[in-house]
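Inspection log for the structure reproduced underneath, given as C-alpha cells.
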Amino acid sequence: MAGAVATLSTVLIFASSSPLSARELPIERLRLPPGFSVEVWARVPDARALALGKHSVMVGSRSGAVHAVSFGADLRATRIRRLATGLSIPLGVATHRGDLYVSSVDRILVWRNIEAHLDAPGEPDTIVADLPAARHHGGRYLRFGPDGLLYVSVGAPCNVCAPDGDRHSVILRMRADGSRRETVARGVRNSVGFDWHPDTGELWFTDNGRDWLGDDAPACELNRLSHPGQHFGFPYCHGGDLADPEFGRPGICGEYVAPARKLGAHVAPLGMRFYVGEQFPEDYRNAVLIAEHGSWNRSRKIGYRISLVRTLPGQPPRYQTFIDGWLLPDESVWGRPADLLVMPDGSVLISDDHAGAIYRVRYAAPRQP
C-alpha cells in the first residue's frame, strides 16, 4: 500500500575508508581525468536520489526504504540509518528548512526536523495524496528550486502513449505544504533528474527516450525550460527531430521545444547537477554532470557512466564522458550511476543502485615535477 510506512531506528556503522568496502567493488576499474580520485563513501542498498542535510545525506530508493548517511567535519560518512521502509518507490528525496520530503508514487510525505530525529523518525505528514498511482515510471523525483517551491516529476505510465497531459508526462511545482500546484513543463516522458542553472536560474532536466525504435534512436535528452508551460514533445516527437511512428506526423517536431543537448540513445540519463563547487578545475564550473544509468534493451550496451555537458555562453553544449568503467569490455556490468550531489567542499557524491554504493569524487591538482 502506497501510504504504508514503517520507521526504523536500527543504526548501521560503516567506515567510508574501510578496506573491505573498497575490495567489494572494483573501483580501480573506474577511469577519471587526471587529478581526480574516487572512493567508496558508503554502502547503501539500492541507492538512488540524494539530498543534502546539514549533517547527513538522505538517500531514496526504488525498493521501499529511505536512508540517512551522517558525515563528520571532514565529510566522511560515519553512520547509516534506515529511516523508513514499506514505501512505494520512494525514489525522490528533498530537504527544505530541516524537513525531509519523500515521494511514494501517488503521494509526498514529510518528516519534520529530520536530523533531530534520525534514531526515531516517527510518522510522516502527507502533503500530497492524489498524484497518479501508476507504477510504470512511478518514481517521482523531487527538488526544491531557488524560488522555494517543490518541483515534482510525473512520468508517462507507458513506454509510449498519449496519457492525460495534465496528469502525466509533466513536471509540477507547488508550495512546501503541497498547495498551489501548477504544471511547469509538459511532454516530458520520464525525468529523473533536474537542477537550476547557477547564473540564469533556468530549470534544466534529463529525459529518457522511448524504447523499441532501434539501437540508435531516439536520443535521450538534456532539456532547458525557458518559461513555464513549454512542451517538450512526448509522445509526438522524440529528441527534437524524430516524429513518433504512431502519434507523430511530418513536421510535428517544429511545434515543440528541442533538447538543449541530445544525449546517446538508451543511455538512460537520471540525476544531473550543475557543478557549483570550487574544488574541481575552473573549466568544470557550471558544467552539467549527468548520471547515465545505462541501456537495458540495446544490442550493445551503452551508458553506465557519468557524462559532462559544458554550457558556455554563445556555444553549443559539448557532451563528453567524465567517468566510466562500470561497463566492462565483455559487456558485464558491476555498477549503474543514478544520482549526483555536490558536497560543501566541492567533492561530488555519486549513487549507484546496482552496486548499493555511494562514491565520492575529489580533485587534487597534480604535483609539478
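The values are calculated or read from the model by the stated rules, or taken from the named source; none is laboratory data. Bear in mind that the values here come from a model prediction, so they are computed numbers and not experimental data. Counting neighbours? That spans all protein chains shown, and the Cβs are built from the backbone with ideal geometry, glycine included. Just so you know, the surface numbers come from the protein's heavy atoms only, side chains and all, with ligands and any DNA or RNA stripped out. Shrake-Rupley method; radii C 1.70, N 1.55, O 1.52, S 1.80 Å.
If you filter the range 303-328 down to residues that are in contact with a Leu (Cβ under 8 Å, 6 or more places away or on another chain) and assigned to a loop (DSSP other than H, G, I, E, B), you find that the one that is farthest from Arg31 (Cα to Cα) is Pro317. Counting just the residues of the range 338-349 that are assigned to a loop (DSSP other than H, G, I, E, B) and not small (Gly, Ala, Ser), which one comes out farthest from Val69 (Cα to Cα)? So, considering only residues that are assigned to a loop (DSSP other than H, G, I, E, B) and not small (Gly, Ala, Ser), the one farthest from Val69 (Cα to Cα) is Asp345. When every residue of the range 353-368 is checked against the conditions, none turns out to be of a type in the set (Asp, Glu), surrounded by 11 or more Cβ atoms within 10 Å (Cβ to Cβ), modelled with pLDDT of 95 or more and outside any loop (DSSP other than H, G, I, E, B). Regarding the range 46-64, can at least one residue be identified that is open to solvent by 10 Å² or more (accessible area, probe 1.4 Å), over 19 Å from the mean Cα position of the chain (by Cα), on the phi < 0 side of the Ramachandran plot and basic (Lys, Arg)? Yes, the range 46-64 contains a residue that is open to solvent by 10 Å² or more (accessible area, probe 1.4 Å), over 19 Å from the mean Cα position of the chain (by Cα), on the phi < 0 side of the Ramachandran plot and basic (Lys, Arg).
Out of Thr206, Thr183, Thr200, one residue alone is open to solvent by less than 60 Å² (accessible area, probe 1.4 Å), within 25 Å of Leu312 (Cβ to Cβ) and hydroxyl-bearing (Ser, Thr, Tyr). It is Thr206. Of the residues making up the range 146-156, those that are open to solvent by 60 Å² or more (accessible area, probe 1.4 Å) and touching a His at 6+ places or on another chain (Cβ under 8 Å) number 0. Just to be sure, is Asp166 in a loop (DSSP other than H, G, I, E, B), under 28 Å from Asp125 (Cα atoms) and touching a Lys or Arg at 6+ places or on another chain (Cβ under 9 Å)? In short, yes. Taking first residues from the range 91-119 that are on the phi > 0 side of the Ramachandran plot and partners that are assigned to a strand (DSSP E or B), the Cβ contacts under 7 Å between residues at least 6 apart in sequence or on separate chains come to Asn113/Asp99. For Tyr256, the conditions (1) surrounded by fewer than 19 Cβ atoms within 10 Å (Cβ to Cβ); (2) hydroxyl-bearing (Ser, Thr, Tyr); (3) farther than 21 Å from Gln230 by Cα all hold with the exception of (3). Out of the residues in the range 207-263 that are of a type in the set (A, V, I, L, M) and touching a Pro at 6+ places or on another chain (Cβ under 9 Å), state the one that is nearest to Arg298 (Cα to Cα). Step by step, filter the range 207-263, then rank; the result is Leu213.
Counting residues in the range 133-145 that are open to solvent by less than 10 Å² (accessible area, probe 1.4 Å), over 23 Å from His96 (Cα atoms), of a type in the set (A, V, I, L, M, F, W, C) and within 18 Å of the chain's Cα centre (by Cα) gives zero. All conditions but one from (1) open to solvent by 20 Å² or more (accessible area, probe 1.4 Å); (2) touching a residue at least 24 places away in the same chain (Cβ under 8 Å); (3) farther than 22 Å from Leu341 by Cα apply to Asp125; the one that does not is (2). Among the residues that make up the range 329-337, is at least one of them buried (at least 17 other Cβ atoms within 10 Å of the Cβ), more than 19 Å from the chain's Cα centre (by Cα) and in a strand (DSSP E or B)? No: the range 329-337 contains no residue that is buried (at least 17 other Cβ atoms within 10 Å of the Cβ), more than 19 Å from the chain's Cα centre (by Cα) and in a strand (DSSP E or B). Number of residues in the range 169-180 that are open to solvent by 30 Å² or more (accessible area, probe 1.4 Å) and outside any loop (DSSP other than H, G, I, E, B) equals 1. Anything in the range 132-175 that is in contact with a strand residue (DSSP E or B) (Cβ under 6 Å, 6 or more places away or on another chain) and within 16 Å of Val93 (Cβ to Cβ)? List them, or say none. Passing the criteria: Arg140, Tyr141, Leu142, Arg143, Phe144, Gly145, Leu150, Tyr151, Val152, Ser153. Exactly one residue out of Pro316, Pro329 is at pLDDT below 95 and over 18 Å from Gly193 (Cα atoms): that is Pro316.
In summary, Ser295 fulfils each of the numbered conditions (1) under 29 Å from Ser63 (Cα atoms); (2) open to solvent by 60 Å² or more (accessible area, probe 1.4 Å) with the single exception of condition (2).
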